[in-house]
1. Is it the case that the stretch 28-35 has a residue that's under 30 Å from residue 137 (Cα atoms), within 15 Å of the chain's Cα centre (by Cα), modelled with pLDDT under 95 and part of a strand (DSSP E or B)?
2. Can you find a residue in the stretch 127-137 that is at pLDDT 95 or above and in a loop (DSSP other than H, G, I, E, B)?
3. Is at least one residue of the stretch 66-73 closer than 27 Å to residue 1 by Cβ, in a loop (DSSP other than H, G, I, E, B), within 14 Å of the ligand (Cβ to nearest atom) and at pLDDT 95 or above?
4. Please go through the stretch 100-114 and pick out each residue that is surrounded by 20 or more Cβ atoms within 10 Å (Cβ to Cβ), within 11 Å of the chain's Cα centre (by Cα) and more than 11 Å from the ligand (Cβ to nearest atom).
5. More than 16 Å from the chain's Cα centre (by Cα), more than 19 Å from residue 109 (Cβ to Cβ) and not in a strand (DSSP E or B): is that true of residue 18 in this structure?
6. Within the stretch 122-136, how many residues are farther than 20 Å from residue 80 by Cβ and touching a residue at least 60 places away in the same chain (Cβ under 8 Å)?
7. Take the residues in the stretch 42-56 that are under 13 Å from the mean Cα position of the chain (by Cα) and surrounded by fewer than 17 Cβ atoms within 10 Å (Cβ to Cβ), then tell me which one is nearest to the ligand (Cβ to nearest atom).
8. Identify, from the list 91, 81, the residue that is away from the ligand (no atom under 14 Å from the Cβ), without any contact (Cβ under 8 Å) to a residue 40 or more places away in the chain and either within 18 Å of residue 10 (Cα to Cα) or not in a helix (DSSP H, G or I) (or both).
Ligand code: TYD
């Protein structure tokens with residue numbers, strides 16, 4: 001599960017127009033995986049935290065389609081904080097990272113493009129277990 005890949009912001013196409021802007025994604029070109037599932041997070045009450053787990057296999061792109069929120073990514077060694085507030089940037093989150101979404105603004109809408117279908121077995125919900133899996137793999 002150890003993943004040497006880093007989380008990173010990917011700038012998406014933005015077609016500017018007097019009638020309004022348009023952005024899009026296409027799997028395997030702007031998105032470095034095949035998209036198997038799309039879900040979105042909305043109506044988050046102030047102060048609530050989403051995520052707070054790691055995925056063994058799931059890679060994802062997180063886009064703040066509306067409003068803003070922070071995403072904290074932890075690879076067991078370093079923590080990275082990303083502020084998402086533009087609908088033409090996607091945060092690429094490799095598999096094997098602890099990730100948490102927080103500080104949602106009112107009416108924010110977070111879109112997640114996932115490399116896997118929903119599978120509860122892919123979740124690691126306990127932080128100590130996450131660290132111990134990584135530690136065991138290093139030995
Ligand atoms: P969860 O992934 O724990 O949400 P978050 O990481 O944002 O806190 O999912 C919350 C609930 O929704 C959980 O019971 C599983 C269910 N769920 C699905 O049924 N399908 C899905 O694609 C997702 C993402 C969640």
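1. Yes, there is a match, as at least one residue in the stretch 28-35 is under 30 Å from residue 137 (Cα atoms), within 15 Å of the chain's Cα centre (by Cα), modelled with pLDDT under 95 and part of a strand (DSSP E or B).
2. Checking the stretch 127-137: not a single residue is at pLDDT 95 or above and in a loop (DSSP other than H, G, I, E, B).
3. Within the stretch 66-73, none of the residues are closer than 27 Å to residue 1 by Cβ, in a loop (DSSP other than H, G, I, E, B), within 14 Å of the ligand (Cβ to nearest atom) and at pLDDT 95 or above.
4. If the condition is that a residue be surrounded by 20 or more Cβ atoms within 10 Å (Cβ to Cβ), within 11 Å of the chain's Cα centre (by Cα) and more than 11 Å from the ligand (Cβ to nearest atom), then 113 is the only one that fits.
5. Details: more than 16 Å from the chain's Cα centre (by Cα): yes; more than 19 Å from residue 109 (Cβ to Cβ): yes; not in a strand (DSSP E or B): yes.
Here the answer is yes, as residue 18 does meet what is asked.
6. Residues flagged as farther than 20 Å from residue 80 by Cβ and touching a residue at least 60 places away in the same chain (Cβ under 8 Å) within the stretch 122-136 amount to 3.
7. Pass one, the stretch 42-56, residues under 13 Å from the mean Cα position of the chain (by Cα): 50-55.
This time we only want the ones that are surrounded by fewer than 17 Cβ atoms within 10 Å (Cβ to Cβ), so: 50, 52-53.
On the way: 50: 4, 52: 6, 53: 6 Å.
If we take residues in the stretch 42-56 being under 13 Å from the mean Cα position of the chain (by Cα) and surrounded by fewer than 17 Cβ atoms within 10 Å (Cβ to Cβ), then 50 is nearest to the ligand (Cβ to nearest atom).
8. On the way: 91 fails: without any contact (Cβ under 8 Å) to a residue 40 or more places away in the chain.
Unique residue meeting the criteria: 81.
The values are calculated or read from the model by the stated rules, or taken from the named source; none is laboratory data. On a predicted model such as this, the values are computed, not experimentally measured, just so you know. Neighbour counts run over all protein chains shown; Cβ positions are idealised from the backbone, glycine included.
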